[in-house]
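Structure record follows, encoded as structure tokens.
The numbers here are math on the coordinates, done by the rules we state, and not lab data. On a predicted model such as this, the values are computed, not experimentally measured, just so you know. Don't worry about glycine lacking a Cβ; one is built from the backbone with ideal geometry, like all the others, and counts go over all protein chains shown.
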Amino acid sequence: MLPYIFLVGKSCCHVFYALGVSYTIRQVMTSFQCDGWVELDGKKLSQAEIEEIARTAPETIRRFGGEFLFSFENCHARDHFGIIPGPGPKGVFMCNGSVRFFIEPDPTTLSLDEAIPIAVQLRSDEGVVALSGGVDSSLVAVLAQRECMAVGLPGSHDLLQARHAADMLGLSCTCVAITPIEIENAVPEIVAAIPKKDPVNVSIALTQYFIARRAGELGYHRIITGQGADELFGGYARYLSTTTLKDDLARDVAGLEQQAARDQSVAALHGTYLSMPYMDIRVVRAACAIPAEEKVLDGLRKIPLRTVAERYMPKELAWHEKKAMQYGTGVWGVLKKIARKNGYKTSVQDYIDHIDRVEHGH
């Protein structure tokens, strides 16, 4: 049987079969470059180890996990979920424009409470944690035990909650207070950078922008985030009233690739990238194995994740209900005011379209 690859899709986790294509690689490689990080069977590899495998045992690349883009000669490879942006499709090794094989890490299947700590541990040898004070980022923060960073307008919910969470967890947290002027000045740069230019994506990207800017100023390259948890575990308020929860979750999980493209494009403006423990294949598998009705029940959301979080933090924090980042930081309210100030009283989208058209010629 040909090897298989688990991908996010309509029913959350689908199985696909890889192409059995033979290929050769020159014994001496030039211009080897690697962004992100690579693991093999749970062990992180150095760049020298990656290069040696690519030169002497390239079939092993099929099993690479992590978050990466590496290239050499006329070949390049991206990680399984495409967390690190770059040329070619996600989870594919290509040479001379042709697909050589799919990248299909197949670690041991774990329970959620086993998978999450491993996913965080693999990513926490460097970087800063983006902390909002919700269960997603708080769990990552307490497991990573690294410096944290929070962003928002002065007095905003996210700044206050992040400080409260950091104090409860005994963590250091840098709070980045932003101003309406900074937000207005950043909007054109963000509109130019992100793929999908609408109010929701712009307001979320604004929050990521200021986290990435401060992280870059402090010399960090990796920003460890809680992205993906809402989609995998049922965190959005709209899940409470839907009659098609399973389908909604599957659709939203499938949309995570677009979210990653948005977030990484903004992070790249400041020489940083987002690392996403909840998008580790071990965590995705564990989340997909949990029935939708166990994730959202009796007015509660993200139940499996909160249950794991209770092992590492006070119950009050594990079950805290937090606003979406664009609201919790205060960015959405400022963006609406900026649009009105510029003559767009009823449509933030029209203001975004104006910026895209006038300032960027689209």
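A few remarks follow.
- In the range 126-220, GluC sites (Glu not before Pro) in a DSSP loop with at most 12 other beta-carbon atoms within 10 Å: E126
- Rounded to the nearest 20, the size of the Cβ-charge dipole of the chain about its Cα centre is 560 debye, with Lys and Arg at +1 and Asp and Glu at -1.
- For the set K197/K323; K44/K196; K44/K322; K44/K246, the pairs lying more than 25 angstrom apart at their alpha carbons are K44/K196; K44/K322; K44/K246.
- Taken over the chain, the convex hull of the Cα atoms encloses 144 Å³ per residue.
- Anisotropy class of the range 40-94 from Cα gyration tensor, a/c 1.5 cut: oblate
- In straight-distance terms, cross-link reach from K295 covers every one of the aspartates and glutamates whose alpha-carbon lies under 20 Å from its own, apart from those fewer than eight places away in the same chain; here that gives D113, E114, D136, D230, E231, D247, D248, D252, D280, E310, E316, E321.
- If both residues of a DSSP beta bridge must be in the chain, then about 70% of such bridges are antiparallel.
- Between the range 284-344 and the range 91-163, the alpha-carbon centres lie 15 Å apart.
- With an a/c value of 1.5 or above and a/b not larger than b/c for the gyration tensor axes a ≥ b ≥ c computed over the alpha-carbon atoms, the range 59-204 is described as oblate.
- Of the peptides 256-268, 304-316, 127-139, the order by per-residue mean of other Cβ atoms within 10 Å, starting with the highest, comes out as 127-139, 256-268, 304-316.
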